[in-house]
Amino acid sequence: MRNNFCRNSLEEIKKSKVEGFAASCPTCFHNLYSTAPYEIKGVFDVHEILGYAMGIFEKVEDLTGFLE
């Protein structure tokens, strides 16, 4: 079931043509990060996004999920 969720999520992401997205579930983050299409620039954990917004991370490139 979870695998179908990730597969469906990737399909929706491809259709929307976003450059990056965030996941709150560690399993989903890992699955989506490891299978993200090449046009996606980042798969981020929600906690990292909050850290970036709070200034803990100075650049997006410092986040774990940055793919470029």
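Since every read-out is calculated from the coordinates, none of them should be taken as a lab result. Small disclaimer: the values here were computed from a predicted structure and weren't measured. Cβ: placed from backbone, ideal geometry, glycine included. Neighbour counts: every protein chain shown.
Quick notes
- Arranged from fewest to most other beta-carbon atoms within 10 Å of their beta carbon, 9, 24 become 24, 9.
- Checking every one of the chymotrypsin sites (Phe, Trp or Tyr not before Pro) in region 19-68 against DSSP loop status and a limit of 10 other Cβ atoms within 10 Å picks out 38.
- Fewest neighbouring Cβ atoms within 10 Å first, the residues 56, 13, 40 line up as 56, 13, 40.
- In plain terms, the chain from residue 35 to residue 56 could stretch by 4.8 nm, reckoned as 0.36 nm per residue minus the Cα-Cα distance.
- A simple spin-label model places the labels of residue 15 and residue 67 1.8 nm from each other, with each point 7 Å out along Cα-to-Cβ.
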